[in-house]
Amino acid sequence: MAATNCFHYHLATIFSLAILSLPPLAFPATFTFVNQCSYTVWPGILSNAGTAQLSTTGFSLSSGASLPVPVPPSWSGRMWGRTLCSLNPDTGRFACLTGDCGFGAIECAGGGAATPATLAEFTLDGAGGLDFYDVSLVDGFNLPMLVSPRGGGGGGNCTVTGRAVDLNARCPAELRAAGGGGCRSACEAFGEAKYCCSGEYATPDTCGPSEYSAAFKSACPRAYSYAYDDGTSTFTCASADYVITFCPAPSTSEKSSERSSSALLVSSGGDLRVKPSFWSIFAIFVAAMYVAV
């Protein structure tokens, strides 16, 4: 009997060690697209090479509408909003003035965004089990976008990124795309290596911000403004869902999911309220009793 108990003990120990040595589990996420623009937006989605395509790669999202899209673990890719889209009645081809993916249909089916386009970029379950995400203006700007983590825990800063500012209204004349189709990057507008971080400017040491990317950065401090703008533009979270909002309200864009070390922030209906701790309530009670005495 003792030998049997010893065997079971060692078997349980080995099993426990095996469980502890397993990598952390990766869970699926949900990306919810929200359109707060006054016009219809056609989101496009492109999976990175080696990553499965999602259940949809493009769809119509009318003003005020939202749509959740399930995303598998370890997915990576980008998404954007297409605007001013229409279907040609003669050719049957679908095309957009901004963000067009060139496939001729609402589904992008592996096509990327034509520039200029505001991009949201994701790598889920990356290094350390963290999600990495950003909003990028490296390929120019076509509409405001905000990325908001929801329910993340266990690591990362879970920062809201993007901005409600419409850069089309302040776009320099030399960067304006034809037909009001967004604000181009300096790389696209001029094709010079110093703006494209290419050739002799292909390293972080040789390619810095230009006057144009600095203007983008000033308007959208958390967004990528040029190729090596990593330090203030890439954010992390763990086991989160994400809300991608087009044309977010200015008040929403200023909210952050950054955790406070002095108070617990609780989200309720989009409002952040400070939840007092037991000890703070107890301290107030004691102080009131002391004053009463």
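Only the coordinates and a few stated rules stand behind these numbers; no lab work does. This structure is a prediction, so every number in the text was calculated from the model and none was measured. Glycine also receives a Cβ, built like all others from the backbone with ideal geometry; neighbour counts cover every protein chain displayed.
A few notes on this one:
- Local charge for Gly111 was computed over the other residues whose Cβ lies under 15 Å away, with Lys and Arg +1 and Asp and Glu -1, and equals 0.
- Neighbours of Phe33 by Cβ distance under 14 Å: Lys/Arg scored +1, Asp/Glu scored -1, total +2.
- Seen through its C-alpha gyration tensor, with square-root eigenvalues sorted a ≥ b ≥ c, the stretch 26-259 comes out rounded because a/c lies under 1.5.
- Local net charge near Thr206, Cβ-Cβ under 15 Å (Lys/Arg +1, Asp/Glu -1): -3
- Rough spin-label spacing in nm, given labels placed 7 Å along Cα→Cβ, for Ser38 and Phe59: 2.6
- Computed from phi, the 3J(HN,Hα) profile of the stretch 188-193 under the Karplus parametrisation 6.51, -1.76, 1.60 (θ = phi - 60°) reads 5, 5, 10, x, 8, 4 Hz, with x in place of Gly and Pro.
- You can think of it this way: the chain between Asn157 and Leu87 has 21.0 nm of extra reach, that is 0.36 nm per residue less the Cα-Cα gap.
- Nonlocal amide H pairs with Asp125, under 5 Å, H built at 1.01 Å: Ser74, Asp131, Phe132
- Computed from point charges on the beta carbon alone (+1 for Lys and Arg, -1 for Asp and Glu), the dipole magnitude for the stretch 26-259 about its Cα centre is near 500 Debye.
- Calculated from backbone phi, Karplus (6.51, -1.76, 1.60) coupling profile of the stretch 138-153 in Hz, x at Gly/Pro: 4, 9, x, 9, 10, 7, x, 8, 9, 10, 10, x, 9, x, x, x
- Cα-Cα pairs of the stretch 30-122 separated by more than 19 Å (percent): 37
- The modelled label-to-label distance for the pair Ala178/Ser66, using points 7 Å beyond Cα in the direction of Cβ, is 3.9 nm.
- Length added when fully stretched, Glu211-Asp166, from 0.36 nm per residue minus Cα-Cα: 14.4 nm
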